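The values are calculated or read from the model by the stated rules, or taken from the named source; none is laboratory data. These numbers were taken from a predicted model, which means no experiment stands behind them. Cβ placement follows ideal geometry from the backbone for every residue including glycine, while neighbour counts extend to all protein chains displayed.
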C-alpha cells in the first residue's frame, strides 16, 4: 500500500494529469496537450502529497478552495438550526385531549384488491461487467472496438497498475459508468507506457465531451475525452 501511494505521489509530481505526459518540476503547461499544470512546490503541493500519502487518491487542487466554503456553510446551518429550535420552543402550544373519544367500528371491511403483473414483458438488466453495464464494476475495452471515452487518470506502467485498479474501483463507487483500465501500448491513438483508467464507450467525440462534466463532478477534475483506436 505504501509503495502504491509513493507511486501515486510521483505520478502527480512528474506527469500531466490530463494526458499522462512526463513533465519537469518547473513546467507550467503540458508540452503535449497544453493543460495548465499544478505546481509541485509550495503549500498546495505539500497538502496534495499529504492527501495522497494518507488516502492513496487525490480529487484535485480545487478541493482546497471548496473546504472553507463548506465550513462556512456548515456553521451557518448549525446557527440556523439553533435559532429555529429556540423559536419553536418559545411559540409551542399545549393541547389537551377531549375527555371522551368516540371510535366508529365499521360493520364490514373490504377485501384488499390484488393486482397481478406480467413479468415476462419486463426488460432484462445487463450482465455485470458487460460493456452496457452501468454500475456493476470494471469492464475491459471491447475487442476490435474503436470509439471515444473519458480518460480519468493515467499512471506510468512502472508500478502503476495497482494504483490504476484502485482508481477504477473508486470511480465505480462514484457511480461512473463503464469503468475500466487499459494498456495504452495496445492502442496506436494513445501514448504508450501508461495504464489508463477510462469511463464510458462512445461512438462520437460529441457524446464523450457531453459526459466529461459528470466525471468532474465525481471528483476527477482532470478528466477529458480521448479517441480509442486500434
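Below are the figures for this structure:
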quantity: Filtered residues of the stretch 161-178 (kept if surrounded by 16 or more Cβ atoms within 10 Å (Cβ to Cβ) and either touching a helix residue (DSSP H, G or I) at 6+ places or on another chain (Cβ under 6 Å) or in contact (Cβ under 8 Å) with a residue 40 or more places away in the chain (or both)); calculated: 162, 163, 166, 167, 170, 171, 174, 176, 177, 178
quantity: Qualifying position, being farther than 25 Å from residue 14 by Cβ, part of a helix (DSSP H, G or I) and at pLDDT below 95, among 130, 120; calculated: 120
quantity: Matching residues in the stretch 19-29 - criterion: being farther than 20 Å from residue 197 by Cα and either in the same structural domain as residue 154 (by TED's automatic domain parsing) or assigned to a loop (DSSP other than H, G, I, E, B) (or both); calculated: 24, 25, 26, 27, 28
quantity: Condition met for residue 158 (within 18 Å of the chain's Cα centre (by Cα), part of a loop (DSSP other than H, G, I, E, B) and either at positive phi or surrounded by fewer than 21 Cβ atoms within 10 Å (Cβ to Cβ) (or both)); calculated: no
quantity: Output for the stretch 195-230, where each listed residue is part of a helix (DSSP H, G or I), surrounded by fewer than 22 Cβ atoms within 10 Å (Cβ to Cβ) and touching a residue at least 60 places away in the same chain (Cβ under 8 Å); calculated: 211, 212
quantity: Only one of 188, 192 that is over 19 Å from residue 13 (Cβ atoms), touching a strand residue (DSSP E or B) at 6+ places or on another chain (Cβ under 9 Å) and assigned to a loop (DSSP other than H, G, I, E, B); calculated: 192
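Let's see how each residue does on (1) surrounded by 10 or more Cβ atoms within 10 Å (Cβ to Cβ); (2) modelled with pLDDT under 80; (3) touching a helix residue (DSSP H, G or I) at 6+ places or on another chain (Cβ under 7 Å); (4) outside any helix (DSSP H, G or I):
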{"site": "12", "(1), (2), (3), (4)": "yes, yes, yes, no"}
{"site": "31", "(1), (2), (3), (4)": "yes, no, no, yes"}
{"site": "40", "(1), (2), (3), (4)": "yes, yes, yes, yes"}
{"site": "58", "(1), (2), (3), (4)": "yes, yes, yes, yes"}
{"site": "71", "(1), (2), (3), (4)": "yes, yes, no, no"}
{"site": "81", "(1), (2), (3), (4)": "yes, no, no, no"}
{"site": "94", "(1), (2), (3), (4)": "no, yes, no, yes"}
{"site": "104", "(1), (2), (3), (4)": "no, yes, no, yes"}
